[in-house]
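Notes follow once the structure below has been shown.
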């Protein structure tokens, strides 16, 4: 029955990782990589099962972060021909490429991740109560 | 023989089965919560009325086999969702019914229903556990008087 707690823990870990990625996206909204390209938003993908669990039950159920990928959507463009980073040629000449982080989307994702984290915490609390009740059978 | 009779007395086997079912279903519910935002994940569950029907059948059959005594043979019928496990209790074979709104990530989560199921199932487990505990205390009291 102790493996039950690992299921909710895996859910909390996954949501916390997602929230970390969202925080990194918001923090790096104006960052530029060492090679001069703007920061690309990170996306977290989940898959069922949790290989890091210590019990067979925990490994069979639960969730884990399968991969963290760069958001492939195009960079945002800002008109600023005086900026040294402005594109010199092509249809977007005069525009400066900026990170593709969408602050509104990140805000919505952050709320979603927080609520999902809370739901897992509630489930863990319910599991704890059930284990306590079962233990009380012993006298 | 005496110990086996004590463990098979009255409603005890039915309560143990109900407790085992609630614990198994709890695992499914919290797994659904953990996978609330997993792409392509379909919620898994087992039918509570289906379990109650099987339990009713088992109790009726036990009553028929008891022939007046309190200790008839209690055996849960196997269904598509309830399979006899290695320790005699039913293990759950959940279904993915595919009901509910399918989100853009092809996950059919339903947060409100999940939380309702979590609360209801917790109460079922608590009911079975409390009655089992009371029976245990009764037995303990009876043994204490005899000593």
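The values are calculated or read from the model by the stated rules, or taken from the named source; none is laboratory data. Just so you know, these numbers come straight off a predicted model, no measurement behind them. Using ideal geometry, Cβ is built from the backbone for each residue, glycine included, and neighbour counts are taken over all protein chains shown.
Counting the residues of the range B:92-134 that are within 15 Å of residue B:23 (Cα to Cα), touching a helix residue (DSSP H, G or I) at 6+ places or on another chain (Cβ under 7 Å) and in a helix (DSSP H, G or I) gives 10. Residue count for the range A:39-62 satisfying the condition of being modelled with pLDDT of 95 or more and either assigned to a loop (DSSP other than H, G, I, E, B) or under 13 Å from residue A:85 (Cβ atoms) (or both): 3. Within the range A:32-67, being within 17 Å of the chain's Cα centre (by Cα) and away from chain B (no Cβ under 14 Å) holds for A:39, A:40, A:41, A:42. Taking every residue in the range B:110-127 that is more than 8 Å from chain A (Cβ to nearest Cβ) and pairing it with any residue that is outside any helix (DSSP H, G or I), at least 6 positions away or on another chain, the pairs with Cβ-Cβ distances below 6 Å are B:110/B:100.
Among the residues in the range B:76-91, are any in a helix (DSSP H, G or I), away from every other protein chain (no Cβ under 14 Å) and either without any contact (Cβ under 8 Å) to a residue 12 or more places away in the chain or closer than 14 Å to residue B:14 by Cα (or both)? So far as the range B:76-91 goes, no, none of its residues is in a helix (DSSP H, G or I), away from every other protein chain (no Cβ under 14 Å) and either without any contact (Cβ under 8 Å) to a residue 12 or more places away in the chain or closer than 14 Å to residue B:14 by Cα (or both).
Within 24 Å of residue A:7 (Cα to Cα), in contact (Cβ under 8 Å) with a residue 12 or more places away in the chain, surrounded by 13 or more Cβ atoms within 10 Å (Cβ to Cβ) and more than 10 Å from chain A (Cβ to nearest Cβ): is that true of residue B:31 in this structure? So residue B:31 does not fit the description; no. The requirement of being away from chain B (no Cβ under 14 Å), crowded, with 16+ Cβ neighbours inside 10 Å and either in contact (Cβ under 8 Å) with a residue 24 or more places away in the chain or closer than 30 Å to residue B:132 by Cβ (or both) is fulfilled nowhere in the range A:116-124; no residue meets it.
The residues of the range A:77-111 that are farther than 19 Å from residue A:37 by Cβ, surrounded by 11 or more Cβ atoms within 10 Å (Cβ to Cβ) and more than 17 Å from the chain's Cα centre (by Cα) amount to a single one, A:81. Here is the figure for the range A:53-104: residues that are without any contact (Cβ under 8 Å) to a residue 12 or more places away in the chain, touching a strand residue (DSSP E or B) at 6+ places or on another chain (Cβ under 8 Å) and under 24 Å from residue A:26 (Cα atoms) total 1. With the requirement that a residue be within 13 Å of chain B (Cβ to nearest Cβ) and over 8 Å from the mean Cα position of the chain (by Cα), what does the range A:9-30 give you? Hits for the range A:9-30 are A:9, A:10, A:11, A:12, A:13.
Do the conditions hold for residue A:137, that is, is it over 27 Å from the mean Cα position of the chain (by Cα) and either facing chain B (nearest Cβ under 9 Å) or at pLDDT 95 or above (or both)? Yes: the conditions hold for residue A:137. The one condition from (1) modelled with pLDDT under 85; (2) surrounded by 13 or more Cβ atoms within 10 Å (Cβ to Cβ); (3) within 30 Å of residue A:61 (Cβ to Cβ) that residue B:86 does not meet is (2).
Check whether at least one residue in the range B:46-62 is in contact (Cβ under 8 Å) with a residue 12 or more places away in the chain and not in a helix (DSSP H, G or I), and report yes or no. The answer is yes; a qualifying residue exists.
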